[in-house]
Amino acid sequence: MSKTVVVTGANRGIGLALAQQFAERGDRVIGVCRKSSEALEATGARVEAGVDVTDQAAVQALAQRLRDERIDILVANAGILERDSLDPLDIDAIRRQFEVNTLGPLIVVRALRDSLTSGAKVGLMTSRMGSMQDNTSGGYYGYRASKAALNAIGKSLSLDLSARGVSVVLLHPGYVATEMVGGSGDVTPEEAATQLIARIDALTPEQSGTFQHANGTALPW
């Protein structure tokens, strides 16, 4: 049975690959982005452009437009990475990453929660760089901290939404060759999307609130 799937940051990279693969298997895709792309339009998705996930008014307007939708899968994928370091320390860059990577997903999930079906699944795109235990190289203060904070938010969401029958999973996509990392990486967006969809499909209420690699491996907090 086809599902209604909402993907943020759907115009390129992992988000686009997710939109393409969900659409190819017959799901109804709603692609949310700040600016659309030809590739996203080609998927046949309903495109909701002009939505900055940090803008509460824009996200609430999106929720109003989707008020009659019953959402089965929500993937909060939109994110940014800035290469900040201790010297020089760019507080503005850190703040920007928190706004997009941490608060953005929370704003989106909260705004769309009433449209989530019982049994719906929420995938939050985090990173193993948000793991305390896995940090062996330092640096990337904004990205690491914003993803660690997202992990905390995702855990809380898994508890707060459980009464609605909604499951939440925190997903690390791998080191994906996207524009965000300058095209480097060891997996393609398409390969990452295939694994991420498999994790979402396999998600059960008992697994809600877990931190997983796209390959299915449990990750340390």
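Only the coordinates and a few stated rules stand behind these numbers; no lab work does. This one's a predicted model, so the numbers in the text were calculated from it and none came from an experiment. Here the Cβ positions follow ideal geometry from the backbone for every residue, glycine too, while neighbour counts run over all protein chains shown.
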Most exposed first by the Cβ proxy, i.e. fewest other Cβ within 10 Å, how do F22, F211 rank? F211, F22
Along principal axes, Cα extents of the chain, largest first, whole Å: 50, 39, 34
Full-stretch length increase - D55, A218 - with 0.36 nm per residue and alpha-carbon distance subtracted: 55.4 nm
Long-range HN-HN contacts of T210 with modeled amide H, under 5 Å: L170
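Arrange the following residues from fewest to most other Cβ atoms within 10 Å of their Cβ: K155, K35, K121. All intermediate terms of the calculation are to be shown ahead of the outcome.
On the way: K155 18, K35 10, K121 25.
Neighbour counts put them in this order, fewest first: K35, K155, K121.
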Within a 10 angstrom radius of the beta carbon, how do R12, R95 rank from fewest other beta carbons to most? R95, R12
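For every helix of n ≥ 4 consecutive DSSP H residues, a contribution of -39,500 (n - 2.57) applies; sum these over the chain, divide by its total residues, and give [θ] at 222 nm rounded to the nearest 500 deg cm²/dmol.
Values: 7 runs with 77 residues, N = 221.
The per-residue figure over the chain is -10500 deg cm²/dmol.
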Which residues in region 103-121 have a backbone N closer than 13 Å to a point placed 7 Å from the Cα of Q207 along the Cα-to-Cβ line? 121
Points 7 angstrom from Cα along the Cβ direction at R34 and S85: gap in nanometres? 2.6
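Output the DSSP H helices from the chain with an along-axis C-alpha extent of no less than 15 Å and a mean Kyte-Doolittle hydropathy no less than -1.0. Walk me through the numbers on the way to the answer.
Details: long enough: 13-24 (17 Å, 0.75); 141-160 (28 Å, -0.10); 189-202 (19 Å, -0.06).
Once both thresholds are applied, what remains is 13-24, 141-160, 189-202.
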